[in-house]
Amino acid sequence: MKLASLKSGRDGRLVVVSRDLTRATPAHNIADTLQQALDNWERAAPQLADLAERLERDAVPSVRFHEHACASPLPRAFQWIDGSAYVNHVELVRRARGAEMPASFWTDPLMYQGGSDSFLAPRDPVLMADEAWGIDFEGEVAVVTDDVPMGVAPAAAQRHIRLIMLANDISLRNLVPAELAKGFGFLQSKPSSAFSPVAVTKDELGEAWDGGKVHLVLMVDLNGKPFGRANAGLDMTFDFPTLIAHAAKTRPLAAGTIVGSGTVSNRSIEGGPGRMVDRGGCGYSCIAEMRMAEIIAGGNVRTAFLRFGDMVRIEMKGSDGHSIFGAIEQSVGRYRPRNADGM
């Protein structure tokens with residue numbers, strides 16, 4: 001089934017969406033919000049699945065589904081944890097600055113805890129005060145869990161994945177070095193992220209879901225042109241059950257926890273940095289990786305980070321060519337506080 005949260009209050013209004021993303025029906029008789037459904041998943045899931053089947057048969061009232069009317073599936077969440085499952089991406093970044101990558105990075109996932117109190121809607125603009133901050137997008141896949149016990153093994157963690165969606169983990173690249181130099185992690189350099197209009201259950205992906213990875217191409221466009229076409233199932237060093245187990249090593253995870261894959265990244269056929277899409281490669285899922293590839297290839301950066309007015313689109317299609325999650329499509333604009341106090 002496919003679920004979405006229409007913009008309404010802080011936590012949205014839960015609807016079930018048709019497989020072709022054209023129609024929706026309210027789910028308030030089962031759960032008002034997606035978080036309520038996740039808190040009572042064993043009871044809510046069968047009822048939502050039944051509602052989804054009736055929607056497909058036109059057996060329930062429905063309305064036209066508009067992606068622009070959606071908040072992120074969880075407009076705010078108890079927890080947003082982002083991994084870096086594509087170690088190729090990490091290796092490129094370190095190579096570009098002449099740093100060796102510790103061997104442990106191939107066996108012990110990198111992960112940070114992001115802000116989860118105010119996600120952007122998938123069609124809302126990304127508003128920033130200064131282009132000099134180095135505004136970047138990061139195309140990712142993310143999963144939503146139910147309650148996960150502390151110390152869960154990866155094999156058991158797979159059973160706690162309830163929903164899958166796409167993410168734009170926005171980064172302010174030029175603020176990252178100073179923050180990391182303090183030795184205390186990201187804060188200002190990781191503003192609000194956005195997620196796809198629709199979150200789907202695992203069965204909606206069919207054979208593309210292998211229990212831990214999504215074997216489909218993540219389509220990233222910048223200003224209407226293909227920027228990334230990386231396969232999310234390739235070169236993923238740590239699958240989602242491994243990431244969940246890593247996060248739950250010392251604490252339980254509450255229902256509604258979102259776990260991100262990190263920037264989807266594929267190696268080139270030769271094993272090095274990927275090529276641009278217009279040069280026959282799979283491109284990149286963030287600008288930073290493209291810049292690193294440019295440094296490695298020629299020593300100079302040619303690609304700028306996002307400018308005001310730029311447009312980013314992130315989407316994934318099934319084998320039938322139809323969009324699975326809907327599209328994240330965000331323009332970049334200037335944030336203008338209403339007065340000197342920032343209000």
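The values are calculated or read from the model by the stated rules, or taken from the named source; none is laboratory data. Since the model is a prediction, treat every value here as computed from it, not as a measurement. Don't worry about glycine lacking a Cβ; one is built from the backbone with ideal geometry, like all the others, and counts go over all protein chains shown. For the accessible areas, the whole protein counts, side chains as well, though only heavy atoms, and no ligand, DNA or RNA atoms are used. Shrake-Rupley method; radii C 1.70, N 1.55, O 1.52, S 1.80 Å.
Show 317, 7, 202, 249 ordered by accessible area, largest first, where the area counts protein heavy atoms only and the probe is 1.4 Å.
249, 7, 317, 202
So what's the back-of-envelope 222 nm ellipticity for the chain, counting only DSSP H runs of four-plus at -39500 (n - 2.57) apiece and dividing by all residues, rounded to 500?
Per the formula, -5000 deg cm²/dmol.
In Å², and per residue, what accessible area does the stretch 260-343 have when probed at 1.4 Å with the other protein chains present?
50
Ignoring ligands, DNA and RNA, please state the percent of accessible area on the stretch 184-247 from carbon and sulfur, probe 1.4 Å.
Roughly 55 percent, rounded to a whole number.
If I take every Cα pair under 8 Å that is 6 or more residues apart in the stretch 172-303, average their sequence separation and divide by the length, what percent do I get for the relative contact order? Walk me through the numbers before you get to the answer.
Details: 147 pairs, mean separation 22.6, N = 132.
Once divided by the residue count of the stretch 172-303, the mean separation gives 17 percent.
Sort 246, 28 from largest to smallest accessible area, using a 1.4 Å probe on the heavy atoms of the protein chains. If you can, show how the numbers build up before the last one.
Numbers: 246 65, 28 105 Å².
Highest to lowest solvent-accessible surface, that is 28, 246.
For the stretch 215-226, in order, what is each residue's ³J(HN,Hα) by Karplus, 6.51 cos²θ - 1.76 cosθ + 1.60 with θ = phi - 60°, in whole Hz (x at glycine and Pro)?
8, 9, 7, 8, 8, 10, 10, 10, 6, x, 10, x
Give me the dipole magnitude in Debye, nearest 20, for the stretch 204-320 about the Cα centre, with unit charges on the beta carbon: positive for Lys and Arg, negative for Asp and Glu.
Details: 13 positive and 13 negative charges, 84 e Å.
Approximately 400 debye in magnitude.
Checking the cross-link filter: which lysines have an alpha carbon closer than 27 Å to that of residue 182, excluding same-chain neighbours under 8 positions apart?
190, 249
Pairs of alpha-carbon atoms within less than 8 angstrom and 6+ residues apart define the contacts here; what relative contact order does the stretch 278-328 have, in percent? Kindly include the intermediate steps, with their values, before the conclusion.
Numbers: 34 pairs, mean separation 10.6, N = 51.
Reported as a whole number, the value is 21 percent.
How high is the relative contact order of the chain, in percent, counting Cα pairs under 8 Å that sit 6 or more residues apart?
On the way: 833 pairs, mean separation 75.2, N = 343.
In percent, rounded to a whole number, it is 22.
Which of rounded, prolate or oblate describes the stretch 246-329 when judged by the alpha-carbon gyration tensor and an a/c cut-off of 1.5? Mind showing how you got there, number by number?
Working: a/c = 1.76, a/b = 1.44, b/c = 1.23.
Prolate, because a/c is 1.5 or more and a/b exceeds b/c.
Using 7 Å Cα-to-Cβ label points, what is the residue 308/residue 100 separation (nm, one decimal)?
4.6
Could you let me know the centre-to-centre spacing of the stretch 24-45 and the stretch 121-182, using Cα atoms, in angstrom?
Spelled out, the Cα-based centre of one part sits 24 Å from the other.
Just to check I understand the Karplus step: with θ = phi - 60° and J = 6.51 cos²θ - 1.76 cosθ + 1.60, what whole-Hz values come out for the stretch 234-240, glycine and proline as x?
9, 6, 8, 5, 10, 7, 5
If the reach is capped at under 16 angstrom between alpha carbons, list the aspartates and glutamates near residue 317, excluding any in the same chain fewer than eight residues apart.
Reachable aspartates and glutamates: 20, 67, 140, 203, 204, 207, 221, 329.
With unit charges on the beta carbon (Lys/Arg positive, Asp/Glu negative), name the residue among 33, 77, 103 whose Cα is farthest towards the positive pole of the charge dipole of the stretch 1-154.
Checked the options; the winner is 33.
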